[in-house]
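*Asks:* Provided herewith is a single structure, encoded as structure tokens, for subsequent inquiry.
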Amino acid sequence: MSTNVNIDWSKLGFAYSKTDLRYISIWKNGKWDDGKLVKDNNLSISEASTSLHYGQQCFEGLKAYRTKDGSIQLFRPLENAKRLRNSCSRVLIPEISDEKFLDACLQVVKANEAFVAPYGTGATLYLRPYVIGIGDNLGVGPAPEFLFGLFCCPVGAYFKSGLSPVNFMTSDEYDRAAPFGTGDVKVGGNYAASLLAHEHAASKGFADCIYLDPATHTKIEEVGAANFFGITKDNVFVTPKSPSILPSITKKSLIYIAKEYLKMDVQERDVPIDSLSDFKETGACGTAAVITPIGGIEHKGKLHVFHSETEVGPVTRKLYDTLYGIQFGDVLAPEGWIVKVK
Ligand code: PLP
Ligand code: COI
């Protein structure tokens, strides 16, 4: 164990807190160094870093879970490694191998074991890998050097705690991504583009906004920093398909769970915003959001309520219980989904 921590696990939200050690590796002269754990949570980088001016950076998010027997496990970390590679190649950052990515995750979790919440509290250890362009550079072009970092924070719910529905509104004024832009990779620019839309939705009392397809504004794409899913009245699991959506690992897992565990039909297809009445339940899914039931969606000033604004629907609950059970080790996971830390 590292530090003795005194955390009220039940009160954790999704917020930064400094943990003991973080991982840093530098790319220079054409290769990554071995990387090391450091105490300092501040970076000292050139004022001319491409990550600061031209957004040459990308990141990931995954979690470590404490199981009933006290061990710690990661959920599908190699999927995050693969997505980080896609993000890196889209913004001309040298790739990070699966081995290097996993090694960074394992080192950071082991070094901060005391921050992994006890089983049963619902809290987890969120891991934030990131890669940024550093070094002196002025013209628009890739950086001469890069930094791969990974830190962790104990976290609770991203939206409301528990399986409580929240409401969202569609964003008509702002898109998070362009049709052939960077919506399908995890780069900071997508999130910078979402800040104003989020603030607008929050000021009207909504948890976040729903982004529509940037070309026509007629189809659902993302729910804030999470993917969308819906359960039709005839029990089909539906989730949008589009080149400007971030391919969520939680969504990919729910597709598998819906098919293989719950024996549901699954469709990845367009979800027209004027087809909300086809759905009996809808939700947002992601690492931070886990599964957050959507109470209602406001579109063009009209609120459409699904199952309920206060109660989770039965299918969403089954999806949640299965996913949560797999993540915390209570439900048998498909092969390769779980990587044991210790
Ligand atoms: N969509 C966006 C824009 C996100 O930021 C995230 C979070 O990573 C997701 C979807 C969900 O992806 P995942 O389930 O891999 O965390
Ligand atoms: C995640 O779910 O891991 C995310 O990255 C969402 C985040 C931007 C808060």
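*Asks:* So if each residue of separation counts as 0.36 nm, and I subtract the Cα-Cα distance between His53 and Asn6, what length gain in nm does that give?
*Replies:* So the extension gain works out to 13.0 nm.
*Asks:* Can you sort Ile72, Ile24 so the residue with the fewest Cβ neighbours within 10 Å comes first?
*Replies:* Fewest to most other Cβ atoms nearby, the residues stand as Ile24, Ile72.
*Asks:* Can you give the FRET efficiency to the nearest 0.05 for Lys241 and Ser308, using r as the Cβ-Cβ distance and R₀ = 25 Å?
*Replies:* Taking R0 as 25 Å, the efficiency between Lys241 and Ser308 is 0.35.
*Asks:* Taking a threshold of 20 Å on the Cα-Cα distance, which of the pairs Lys63/Lys160; Lys100/Lys342; Lys31/Lys186 fall above it?
*Replies:* Lys31/Lys186
*Asks:* Modelling each spin label as a point 7 Å along the Cα-to-Cβ direction, I'd like the His217/Lys31 distance in nm, to one decimal.
*Replies:* 5.2 nm
*Asks:* If you don't mind, another one. For a quick check: sort Met169, Met264 by the number of other beta carbons within 10 angstrom, fewest at the front.
*Replies:* Met264, Met169
*Asks:* May I pose another question? Label point 7 Å out from Arg128 along Cα-to-Cβ: which residues of the range 165-202 have amide N under 15 Å?
*Replies:* The answer is 187-189, 191-192, whose backbone nitrogens lie closer than 15 Å to the label point.
*Asks:* Separate question: Mind giving me the FRET efficiency for Asp234 and Leu138? R0 is 56 Å, r the Cβ-Cβ distance, nearest 0.05 is fine.
*Replies:* Values: r = 58 Å, r/R0 = 1.04.
Between Asp234 and Leu138 the formula returns 0.45.
*Asks:* Would you mind calculating the relative contact order of the range 1-110 from Cα pairs under 8 angstrom and at least 6 residues apart, reporting the percent as a whole number?
*Replies:* Across the range 1-110, relative contact order equals 20 percent.
*Asks:* Please give the contour-minus-distance gain from Ala114 to Asn41: 0.36 nm per residue of separation, less the Cα-Cα distance, rounded to one decimal in nm.
*Replies:* Working it through step by step, the gained length comes to 24.5 nm.
*Asks:* Per 10 Å bin from zero, what fraction in whole % of the C-alpha pairs of the chain is there, up to the bin with the longest pair?
*Replies:* Values per bin, smallest distances first: 5, 25, 33, 26, 10, 1.
*Asks:* Then there's this: What number, rounded to the nearest 500 deg cm²/dmol, is the helix-based mean residue ellipticity at 222 nm of the chain, given -39500 (n - 2.57) per DSSP H run of at least four residues and division by all its residues?
*Replies:* -6500 deg cm²/dmol
*Asks:* Can I ask one more? Sequence neighbours fewer than 8 away in the same chain don't count; with that in mind, list the aspartates and glutamates whose C-alpha is under 16 Å from Lys251.
*Replies:* Glu60, Glu79, Asp184, Glu221, Glu222, Glu260, Asp265, Glu268, Asp270, Glu281, Asp321
*Asks:* Then there is this: Using only the alpha-carbon atoms of the range 9-155 as identical scatterers, what base-10 log of I(q)/I(0) does the Debye formula give at q = 0.10, 0.11, 0.16 Å⁻¹?
*Replies:* -0.36, -0.43, -0.85
*Asks:* Quick one: check the C-alpha center-to-center distance for the range 1-53 versus the range 131-208, whole angstrom.
*Replies:* 19 Å
Each value in this text was obtained by applying a stated rule to the coordinates, not by laboratory testing. Everything quoted here is computed from the prediction, not taken from an experiment. Reconstructed Cβ throughout: ideal geometry from the backbone, glycine too, with neighbour counts over all protein chains shown.
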